[in-house]
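Chemist: Below is a structure I'd like to ask you about.
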Amino acid sequence: MKNANLVSRWGAVLVLTAGLLSCAREKPAGAGPATGAPVVKTVRDFFPIRVGEKTVRMQLAVRPLEMQRGLMERRDLGRDDGMIFIYDRPQAMSFWMRNTPTPLDIGFFRGDGVLAEIYPLHPFDEKSVSSRSTDLQFALEVNQGWYRENGIKPGAKLDLAAVAAALRERGFDPARYGLPAGDGAARRP
């Protein structure tokens, strides 16, 4: 989770190494067109997901190491690109900008996909930005000003069916996150 818990330099190296190994294991051996098995996508892949009336190309941070890494050291975030952090249960959230050079905005969404809060995040700022709400399940980081420029305000809806489809493409069971399992019916654990 990209939060204010401090990690030593060596701890960070170990976390990043484990994350790279984890990403390497995401694609099953032999998967792909030659074997007929589906290719499992990774945290590096983008998925088109709507927020209100606007589509964002989102990368999905689902695993703990992906969440810890977040958008650290990224300078290549496209105009309508972002990273969504997906949690398996509603909670309060806290994010910081350690090693993150790109100014961002963060939107916190409830489990029903409704945008509840938006905050600016400033480059390299290690002060935590915490939610007021305790029933949040998704956090979407985008370029600073994106929400305002696109008229996306609290109350806007995240396309949960598209999030569920993206989770399936990443090899995760959307039902674990209370999302549609593929038959259109939302399930809660």
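Chemist: What whole-number distance in Å separates the alpha-carbon centres of segment 149-170 and segment 64-83?
Modeler: About 17 Å separates the Cα centre of segment 149-170 from the one of segment 64-83.
Chemist: Over all alpha-carbon pairs of segment 54-189, lay out the pair-distance distribution in 10 Å bins, whole %, shortest bin first.
Modeler: Percent of Cα pairs in each bin: 12, 46, 35, 6, 0.
Chemist: Then there is this: Give the calculated FRET efficiency between ASP45 and ASN99 to the nearest 0.05, with a Förster radius of 30 Å applied to their Cβ-Cβ distance. Don't skip to the end; give the middle numbers.
Modeler: Working: r = 22 Å, r/R0 = 0.74.
Using R0 = 30 Å, I get an efficiency of 0.85.
Chemist: Is any residue of segment 64-96 close enough, with backbone N under 12 Å, to a label point placed 7 angstrom from the Cα of ASN150 along the Cα-Cβ axis, and if so, which?
Modeler: Those under the cut-off are 78-84.
Chemist: Here is a follow-up. Considering only the other residues whose Cβ falls under 12 Å of the Cβ of ARG79, what net charge follows from Lys and Arg at +1 and Asp and Glu at -1?
Modeler: Details: positive: LYS54, ARG57; negative: ASP76, ASP80, ASP81, GLU149.
Result for the local shell: -2.
Chemist: So how long is each side of segment 69-109 along the principal axes, counting just the alpha-carbon atoms, biggest first, in Å?
Modeler: That works out to 30, 22, 15 Å along the principal axes.
FYI, it's all coordinate maths here, none of it is from the lab. Please read all numbers here as calculations on a predicted model, not as lab measurements. In this analysis, Cβ positions are derived from the backbone assuming ideal geometry, glycine residues included, and neighbour counts consider all displayed protein chains.
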